[in-house]
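Before any comments, here is the structure.
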Amino acid sequence: MRILDFFKRFPDEESCKQEFIQFRLNEGVKCKRCNSLDHYWKKKREQWQCKECRFQTTIKSGTVMENSKLSFQYWFITIHLLSCTKKSFSAKEIQRELGHNRYQPIWEMAHKIRSVMGLRDDLYTLKNEIELDDGFFETVDIRRDPNEPLKRGRGSQRQTTVLVMAESREVELTERNKKYKHQKKLGFLKMKVITGGFSKKLFTPRVNQSVDPDTIIKSDGSTSYSELKDNFNHQPETIPKKDAEKILPWVHKAISNAKRMLLDVHHRIDDDFLQNYLNAYVFKLNRRYFTNLFDRVLIAAVNNQWNYLGETSG
């Protein structure tokens, strides 16, 4: 959605609030007390009341906006900025655009939005055939003792490990994809931060959560993936460094593009929040053919709590 179209659709606070109410109605309002979906609207109080137990639910309750004092318009503009471009916006830039006095609430709002993007993608599992590899992102660990000597290479305190899984299938070579020098088409992608080392005890559960059991997994011969053969059709291969981008093209493209996106926007990233930034990158990549990402993020926002238990998909 272009910025002119956005402000035509949402010219003021009231239009944003009414759209949010409509999205909640479309997705369903669930009672926190008895789990009933049967409610009626109390216009004067601007709340839903449960027909079963009379519990009242506010407009923001049970959504990403719960307990937020920021206006609906602030939230809508931020969602638009985070979803309208392949790049991203820093919280500081969003604060400037909104003209808000305090940085902290804007920073928290942006991270909540990125977080629900990740929750939405967690509903899906990868299928058929995937590429799997790990990458390293430069981060800052604020808990690290400044007097502790820095390690070099793999395991450095300045790097965070990210497990990357990409649906990838062979396609017929055409004039259009010849320039990419490979014959694979990207499907759905997942990027998961791994903390605590590189052991198979850390990698295997992440793959089990994200990948369908009948999937073919292609990876390098790392011992970190040695247990995958128990649950999947795992096809490890010793890959020379120069051939890595040919054999596992999409995981390496994803890692490279994600790093470029982060460098363009953020001077430093704390390791605790790397996953949220990757959530936004992956969410937009997985929906690269959608015409209106704003609505998809808004659906994730209103389903923040209860719909991620499995009641919905899409």
Looking only at the range 81-99, count every residue that is in contact with a Phe, Trp or Tyr (Cβ under 8 Å, 6 or more places away or on another chain), surrounded by 16 or more Cβ atoms within 10 Å (Cβ to Cβ) and farther than 14 Å from residue 300 by Cβ and tell me the total.
6
Quick one: in the range 279-314, of everything that is modelled with pLDDT under 85 and part of a helix (DSSP H, G or I), which residue is surrounded by the most Cβ atoms within 10 Å (Cβ to Cβ)?
307
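Restricting attention to the range 183-197, does a residue exist that is under 24 Å from the mean Cα position of the chain (by Cα) and at pLDDT below 80?
Taking the range 183-197 and keeping what is under 24 Å from the mean Cα position of the chain (by Cα), we get 184-197.
Narrowing the set further to residues that are at pLDDT below 80 leaves 196-197.
Yes: the range 183-197 contains one or more residues that are under 24 Å from the mean Cα position of the chain (by Cα) and at pLDDT below 80.
Condition check ((1) assigned to a loop (DSSP other than H, G, I, E, B); (2) surrounded by 13 or more Cβ atoms within 10 Å (Cβ to Cβ); (3) among the small types (Gly, Ala, Ser)) across all residues:
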residue: 32; (1), (2), (3): yes, yes, no
residue: 36; (1), (2), (3): yes, yes, yes
residue: 40; (1), (2), (3): no, no, no
residue: 48; (1), (2), (3): no, yes, no
residue: 52; (1), (2), (3): yes, yes, no
residue: 66; (1), (2), (3): yes, yes, no
If residue 123 passes every condition in (1) modelled with pLDDT of 95 or more; (2) within 30 Å of residue 184 (Cα to Cα) but one, which one does it miss?
(1)
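Has the range 253-265 got any residue that is outside any helix (DSSP H, G or I), of a type outside the set (Gly, Ala, Ser) and surrounded by 16 or more Cβ atoms within 10 Å (Cβ to Cβ)? Give the steps one after another, and end with the answer.
Taking the range 253-265 first, the residues outside any helix (DSSP H, G or I) are none.
Checked the range 253-265: no residue is outside any helix (DSSP H, G or I), of a type outside the set (Gly, Ala, Ser) and surrounded by 16 or more Cβ atoms within 10 Å (Cβ to Cβ).
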Considering only residues that are of a type in the set (D, E, K, R), assigned to a loop (DSSP other than H, G, I, E, B) and more than 22 Å from the chain's Cα centre (by Cα), which ones fall in the range 82-111?
102
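Of the residues that make up the range 233-244, is at least one small (Gly, Ala, Ser) and either assigned to a loop (DSSP other than H, G, I, E, B) or under 18 Å from the mean Cα position of the chain (by Cα) (or both)? I'd like the intermediate steps shown before the answer.
Residues of the range 233-244 that are small (Gly, Ala, Ser), as a first pass: 244.
If we keep only those that are either assigned to a loop (DSSP other than H, G, I, E, B) or under 18 Å from the mean Cα position of the chain (by Cα) (or both) too, we end up with none.
Checked the range 233-244: no residue is small (Gly, Ala, Ser) and either assigned to a loop (DSSP other than H, G, I, E, B) or under 18 Å from the mean Cα position of the chain (by Cα) (or both).
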Filtering the range 266-278 down to residues that are of a type in the set (A, V, I, L, M), in contact with a helix residue (DSSP H, G or I) (Cβ under 8 Å, 6 or more places away or on another chain) and part of a helix (DSSP H, G or I) yields 278
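The values are calculated or read from the model by the stated rules, or taken from the named source; none is laboratory data. Predicted, not measured: the structure shown is a model, and the values here were computed from it. Positions of Cβ are generated from backbone atoms using ideal geometry, with glycine treated the same way; all protein chains shown enter the neighbour counts.
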